[in-house]
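Written below as structure tokens is the structure these notes are about.
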Number of protein chains: 2
Amino acid sequence: MDDGLPASGAQDGTVGKALDVLDMVASKGRPVRFTDLLAEGRFPKATLYRLLQTLTNQGMLAFDPERQSYAPGMRLVRLAHSAWRQSSLAPIARPHVDALAAAVGETIHLAQLDTGQVLYVDKRNARQPVEMFSQAGKVGPAYCTGVGKAMLAWLEPAELASVLARQSFHRFTDYTLDSPEALMAELAAIRARGFAFDREEHEPGIICVALPILTRGERVLGALSVTSTTARTTLTALEALVPRIRDTAARIAAEAESWRFPEQDTKGGR
Amino acid sequence: MDDGLPASGAQDGTVGKALDVLDMVASKGRPVRFTDLLAEGRFPKATLYRLLQTLTNQGMLAFDPERQSYAPGMRLVRLAHSAWRQSSLAPIARPHVDALAAAVGETIHLAQLDTGQVLYVDKRNARQPVEMFSQAGKVGPAYCTGVGKAMLAWLEPAELASVLARQSFHRFTDYTLDSPEALMAELAAIRARGFAFDREEHEPGIICVALPILTRGERVLGALSVTSTTARTTLTALEALVPRIRDTAARIAAEAESWRFPEQDTKGGR
DNA sequence: CTTTTGGTTCCAATATGTGAAACTTGGTTT
DNA sequence: AAACCAAGTTTCACATATTGGAACCAAAAG
């Protein structure tokens, strides 16, 4: 529930501001009144008002006249459907994730990195039917989740630095790595080892193994994790699953590459 | 696969144009190159170029430098997650839909009306695991689906007129109602009967029963349908499920109302 | 009845967005 | 190679949309 997104950064033009407002509305997890947004102090009254109006009659926001409040609009859901299908790994990965889920019988997460945060794009629950969208689209911290660390570990130094700067290093549990230095050391270990653990760093009792999904050129596409609880299993037991997960990750990567770059073999560099 | 969204309508300011571009990119189901968009003729070169840049570095679009193409960006997925949780019926309806799915063992759809189109916000497959997001967020025609007609039938005249104007009346099958008049007659019948059928109007072999989800004041919140095939069942058999579906719809409506308007009883009118 | 709170509209100043045309860039053709 | 495209990028004078302080209005509170 703790969030704290550290502002978006540069804002280009009116469009940038409008999207900023959209984020403001979305990030409060509930319908917001005009005043709530105004109180944020990011925009003057009239400006905010106009932006809200524009977004509303574009369907990006929904205005509830009874409660006089704004909420993210359904047009976003429509657009996101396209985004998910086209830009995420999920559609490509699905069959492989299914197979993995069937094989290991534990909760699987498929994630990508977005703006320095972990974005879950697909999920399989242990036994019960999939939890849909309510899980896909969710974001989480990168520095204290298995998938997050797995991706960070293979980032290029420049990219890593920029991502690192965005981490809040909030101490969720006693095991949370709460400094860039601690994280850097951990990332080196992960890179050496080839996979990441989550040792109850985000939620007490929750542990996982995670592997990055890498292109042949070692560019990070996403990450895959198997999650369980300390009550049910141990890190050592989870580690036994690594080969299976690695295989799945490799298949996904291969397919993603051949799907996005139909032919490209003779070309050398990145 | 046939689509044909009849343009968005009024475009307010730069933001409107930017969102238009976003739609253009999203509506092609694949990565698009600059020229493809330019060919659409909606915007002059330089303008389109700038809009694309803005959207891209806002994360609303993703640019693939290798293929030189644009696709909807992951920021949309993040935003849509909020939208789905806050503005859709799905989170409220979930337990009820689950129960219904367990009871009837057929495919269930939960839909809402958006811009004159049916927007599926949740789905349960008959037995096999849910088909995820690839279904939630999908849009379909209103005039030839069970959920669509169920919602249209309870719309206020003014609203109905505006929705009607947006229908393409494409003839998907021999049974598709392909004129406003035919549809109006059908809607009257549906209103009288209390529920809607889909008699293979959208896809051959696919039939369903659908009921609207209405507030106490008969305002349309969404619709719920049970779908099957002519091979497996008949309309008459589906009709037997109506009481069960009606009950589910009522529960969802009740919860939606009490959730969105915590207390409000003495107030008279709409 | 006055005041406050929350929301909407005005309007002149100006920052922003516009788009025709000129310019690169990288790949073809002659 | 030189000449030629086509696709993508940048420029720049001009127009327009955006800005935000302040005035305004409505409904609730005092």
*asked:* I'd like the mean, over residues of A:83-95, of how many other protein chain beta carbons sit within 10 Å of each residue's own Cβ.
replied: 6
_So the label point sits 7 Å from Cα along the Cα-to-Cβ vector; using that for A:T215, what distances do you get to the other copies, in nanometres, sorted shortest first?_
5.0
*Contact order normalised by residue count of segment B:174-237, Cα under 8 Å, 6+ apart, percent*: 25
*Nearest-to-axis residue of chain B, judged by beta-carbon position, where the axis maps B onto A, in Å*: B:A80, 2
_Spacing of the two label points (7 Å from each Cα toward its C-beta) at B:R33 and A:D174, in nm_ = 6.0
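Rounded, prolate or oblate: pick one for chain A, where a ≥ b ≥ c are the square roots of the eigenvalues of its C-alpha gyration tensor, a/c under 1.5 means rounded, and failing that, prolate if a/b is larger than b/c, else oblate.
On the way: a/c = 1.74, a/b = 1.61, b/c = 1.09.
It comes out prolate by the Cα gyration axes.
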*Give me the angle, in degrees from 0 to 90, between the Cα long axis of helix A:45-57 and the longest principal axis of the Cα atoms of chain A, rounded to the nearest 10.*
70
_Can you tally the net charge around A:L55? Count Lys and Arg as +1, Asp and Glu as -1, for every other residue whose Cβ sits under 10 Å from the Cβ of A:L55._
+1
*What is the calculated FRET efficiency for A:E203 to B:E181, with r their C-beta to C-beta distance and R₀ = 45 Å, to the nearest 0.05?*
0.15
_In degrees, nearest ten, helix A:242-260 long axis to first principal axis of chain A (Cα)_ = 60
_Compute the angle between helix B:74-87 and the longest alpha-carbon principal axis of chain B, please, reported from 0 to 90 degrees and rounded to the nearest 10._
30
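Taking a ≥ b ≥ c as the square roots of the Cα gyration tensor eigenvalues, with a/c under 1.5 meaning rounded and otherwise prolate when a/b beats b/c, else oblate, which class fits the protein assembly as shown?
Working: a/c = 1.60, a/b = 1.39, b/c = 1.15.
Prolate is the answer for the protein assembly as shown, as a/c is 1.5 or above and a/b outweighs b/c.
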*Given the pairs A:K17/B:K17; A:K123/B:K138; B:K28/B:K149, which span a C-alpha to C-alpha distance of over 24 angstrom in this model?*
B:K28/B:K149
*Run through the other copies and list how far each one's label point is from that of B:P204, in nm with one decimal, shortest first; the point sits 7 Å from Cα along Cα-Cβ.*
6.2
*At a probe size of 1.4 Å, how large is the accessible area of A:R33, to the nearest 10 Å²?*
120
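Report the B-A buried area as the accessible area lost on both sides summed, probe 1.4 Å, in Å² to the nearest 100. Can you show the working numbers first?
Values: alone 15230 and 15230 Å², together 24870 Å².
Using a 1.4 Å probe on protein heavy atoms, the buried area is about 5600 Å².
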*Out of A:P91, A:P157, A:P204, any idea which swings most in a Gaussian network model of chain A, alpha carbons joined below 10 Å?*
A:P157
*asked:* In Å and on Cα atoms, what radius of gyration and Dmax does segment A:146-254 show?
replied: 13.6, 39
_Shortest-first distances to equivalent copies, position B:A182, nm, label 7 Å out along Cβ_ = 6.8
_Ordering B:F63, B:F43, B:F172 by accessible area with a probe of 1.4 Å, largest first, what comes out?_
B:F63, B:F172, B:F43
*chain B - mean residue ellipticity at 222 nm from DSSP helices (-39,500 (n - 2.57) per run, n ≥ 4, rounded to 500)*: -13500 deg cm²/dmol
*Can you work out the accessible area per residue across chain A, with the rest of the protein chains kept in place, probe 1.4 Å, in square angstrom?*
46
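With the Cα gyration tensor of segment A:13-77 giving a ≥ b ≥ c as the square roots of its eigenvalues, does the rule (a/c under 1.5 for rounded; else a/b larger than b/c for prolate; else oblate) give rounded, prolate or oblate? Intermediate results must be reported in sequence, preceding the final value.
Values: a/c = 1.44, a/b = 1.12, b/c = 1.29.
Rounded is the answer for segment A:13-77, as its axis ratio a/c remains below 1.5.
The values are calculated or read from the model by the stated rules, or taken from the named source; none is laboratory data. It should be emphasised that the depicted structure is a prediction, and the values quoted were computed from it without experimental measurement. With ideal geometry, Cβ positions are generated from the backbone for all residues, glycine too; neighbour counts draw on all protein chains shown. Each accessible area value is taken on the protein alone, full model and side chains, heavy atoms only, with ligands, DNA and RNA left out. Shrake-Rupley method; radii C 1.70, N 1.55, O 1.52, S 1.80 Å.
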